[in-house]
Amino acid sequence: MELNLPRPEARSHVSELDRMADNAKRASAFLKALAHESRLMILCILADGEKSVSQLEQELGLRQPTVSQQLARLRADGLVSTRRDGKVINYSLASEGARVVIGAVYDVFCRKPQRKR
């Protein structure tokens, strides 16, 4: 009686596809968080360093409930982290991956074009 077990290379191919699917799911969730103008602006500001909610309000020109709602979403998505300083909660980017992606978005959409000489 012969068992029809998958060959090792077939098993590794399936596990590679599973890994790719998991990564695609994570990337999709990450990009969905970026696909909102206010959240993207918050992340761009935080790429320069830690900010409090009131600092973000001032820089964005948004009201506190709006900023807090977007920060809550970013925190739930694992893109920002918090640090409490007395009554003030400071926010920063939670990962180097977020910093790299925000940097790439900035380079593509925000950097001033270099003048040709």
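What to note about this one:
- Size descriptors for segment 13-52: radius of gyration and Dmax over Cα atoms are 14.8, 46 Å.
- A simple packing score, the average count of other Cβ atoms within 10 Å per residue, orders the peptides 79-85, 14-20 as 79-85, 14-20, with the highest score first.
- Net charge in the neighbourhood of LEU93 (other residues with Cβ under 11 Å of its Cβ; Lys, Arg +1, Asp, Glu -1) is -1.
- Working from label points 7 Å from Cα in the Cα-to-Cβ sense, the SER28 to ARG83 distance is 3.5 nm.
- Projected onto its three principal axes, the C-alpha set of segment 12-106 covers 51, 26, 22 Å, listed from the longest axis down.
- Within the shell of other residues whose beta carbon sits under 15 angstrom from the beta carbon of LEU71, the net charge comes to +2, with Lys and Arg scored +1 and Asp and Glu -1.
FYI, it's all coordinate maths here, none of it is from the lab. Just so it is clear, the structure is predicted and the values come from calculations on it, not from any experiment. We place every Cβ from the backbone using ideal geometry, glycine too, and count neighbours over all the protein chains shown.
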